[in-house]
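Below: the structure, in structure tokens.
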Amino acid sequence: MVIKSSSSNYYLYHEGKMMLIHPCLASIFKGTDISKASTYYKRKYNFLKKYNFFQSRYFESSSLPLNENIVIKQLQDLKAISIEITENCNMRCTYCGHSDLYEHYNYERSDNFINERNVYELINELNRYWESKQNKEIEISFYGGEPLLGIKQIRTIVSFLHKNYPHINFRYKITTNGLLLLKNISFLVENDFKIAVSLDGNERHNAYRILKNGQYTHRKVVAILDEIKKTYPFYYKNNMHISSVLHNLNDISEIQTYVKDRLQLGSYIGELNTNNIKNVYAFKKMYKSKDGTFEVKSKSGKTKKEHRPNEKKIYHFLHHILRNSYVTITNIIQKNSSYILSSCQKTCLPFNRELYLTVKGDIFPCETIPQTYPLGYIRNGNVYLSPTYITNLYNNKMKQQYQFCKGCHILPFCSICLFQVLSATEKENICPQYSDEKTFKEYIMTYVDYFELNTFDYINFCFNLN
């Protein structure tokens with residue numbers, strides 16, 4: 001595929017490999033009769049062909065990348081467990097994954113709380129994999145709903161872990177809307193919890209975060225944060241941060257300014273969940289991408305707006321481009337390009353990020369995916385977590401998914417997890433990110449144009465990749 005940038009530079013792209021080429025070589029790739037080309041560019045074209053620049057390296061359906069030993073190793077090296085304490089919440093945020101905006105969980109929100117016995121049995125089961133590990137560290141994160149509604153369960157779980165596993169270093173995190181923080185802060189401080197407080201900026205920005213009766217919550221949460229800062233200043237500074245959702249009522253710079261200047265905390269900003277949307281009209285009204293625009297001045301003094309992809313997407317693009325690209329043409333001979341790619345590039349190895357336990361006792365590889373394909377479950381005190389079953393599930397689903405992914409041009413840069421896209425492909429036989437050649441070429445050109453105009457950004461990102 002030949003890419004022509006807005007600055008009239010030509011690039012040759014093929015399956016993650018990309019190089020700047022001369023217009024004469026570009027004309028050959030675009031279909032000009034090679035016999036009409038100069039001897040020099042005929043030789044260059046044949047050189048690229050000889051050293052497999054055009055050889056496909058994609059995942060083949062016969063190649064099943066997962067085996068039981070990998071799953072066992074993942075469980076041995078597990079670093080984090082996330083526990084859904086309750087589905088219940090004392091708020092009704094407009095964009096919540098349990099709202100009518102989504103079909104995300106495929107079940108109604110319940111008032112149930114985690115069965116502590118399930119947690120105990122899970123840890124006991126996992127400890128069989130950890131027995132050979134010295135100085136084992138595990139991060140335990142508590143989620144909801146609103147997890148502080150289940151403070152009784154959290155206290156019991158923490159006490160159990162301290163009493164029964166003194167050889168394991170447990171570190172604790174909690175994500176909360178903040179309304180119940182003040183009455184529970186002494187326990188959280190005592191156990192050195194890291195706390196993420198959900199707040200979307202100032203009062204206007206936070207308008208989607210409301211109580212069940214429709215009342216706004218911003219002033220209550222900020223007053224609670226102020227009191228914690230006054231009572232536990234060191235803990236407030238070192239253990240707490242703000243987690244914000246970007247939407248049509250706020251923007252990145254406003255959130256960052258408010259959180260830094262008013263709350264004196266760090267911030268993490270995420271986007272609305274784009275999976276399994278039910279109310280498309282309402283979603284589009286609220287959604288805002290972290291991609292943005294910024295103003296630059298030309299040498300003549302005129303101001304114009306430039307598009308700047310967000311850092312995560314830039315990093316994602318460059319990571320794949322640079323790892324499969326060549327500094328000089330001779331590197332093609334030296335570099336081994338025989339590895340394979342799986343069908344969905346963002347799919348982690350099972351439990352690579354965490355193990356997620358739901359209120360119902362189902363086990364997933366993380367809390368962000370639809371709860372359609374549990375990797376295990378706990379019932380009546382028995383843990384069902386089979387490396388054989390997990391291996392077969394992953395391999396079968398990857399093989400199934402490959403039928404839809406193999407013709408997609410954006411495959412090397414795919415940002416969708418296998419388990420996020422399965423629900424769409426199984427219903428409609430199409431992935432929401434599927435890209436034909438025209439769409440993919442436009443995608444590549446966006447980044448090429450940006451980096452040609454912002455070379456320092458390119459250099460900085462390259463250094464950060466190493």
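Structure values in brief
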| item | result |
| --- | --- |
| Proximal aspartates and glutamates relative to LYS230, as straight alpha-carbon distance under 18 Å, when same-chain residues fewer than 8 apart are discounted | GLU190, ASP192, ASP261 |
| Label point distance in nm, LYS36-LYS183, each placed 7 Å from Cα along Cα→Cβ | 8.1 nm |
| Theoretical FRET efficiency, 1/(1+(r/R0)^6), r = Cβ-Cβ of GLN134 and TYR268, R0 30 Å, to 0.05 | 0.40 |
| Nonlocal amide H pairs with PHE170, under 5 Å, H built at 1.01 Å | ILE138 |
| Per residue accessible area in Å² of the stretch 170-274, where ligands, DNA and RNA are left out and the probe is 1.4 Å | 47 Å² |
| Rounded FRET efficiency, nearest 0.05, which uses the C-beta distance separating HIS22 from VAL280 and R0 of 45 Å | 0.45 |
| Gain in span if fully extended, CYS348 to GLU311, counting 0.36 nm per residue against the direct Cα distance | 11.3 nm |
| 10 Å binning of all Cα-Cα separations within the stretch 153-226, expressed as whole percents from 0 upward | 16, 42, 25, 13, 3 |
| Viscosity 0.692 mPa s, temperature 37 °C, Stokes-Einstein D of the stretch 110-191 from Kirkwood C-alpha radius, µm²/s | 238 µm²/s |
| Percentage, to the nearest whole number, of Cα pairs in the stretch 166-275 over 24 Å apart | 25 percent |
| Fully extended contour minus Cα-Cα distance, from HIS167 to ASN382, at 0.36 nm per residue | 75.0 nm |
| The stretch 80-216 - Rg and Dmax from Cα coordinates, angstrom | 16.6, 52 |
| TYR143 long-range amide H proximity, modeled H, under 5 Å | ILE83, GLU84, ILE85 |
| Nitroxide proxy distance, nm - points 7 Å out along Cα→Cβ at GLN215 and GLU203 | 1.5 nm |
| With all protein chains modelled, accessible area of LYS49 [1.4 Å, Å²] | 120 Å² |
| Simple spin-label estimate for TYR443 and THR94 in nanometres, 7 Å along Cα-Cβ | 3.1 nm |
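The values are calculated or read from the model by the stated rules, or taken from the named source; none is laboratory data. Just so you know, these numbers come straight off a predicted model, no measurement behind them. Heads up, the Cβs are rebuilt from the backbone with ideal geometry, glycines too, and the neighbour counts pull from every protein chain shown. Just the protein is used for accessible areas: all its heavy atoms, side chains included, with ligands, DNA and RNA removed. Shrake-Rupley method; radii C 1.70, N 1.55, O 1.52, S 1.80 Å.
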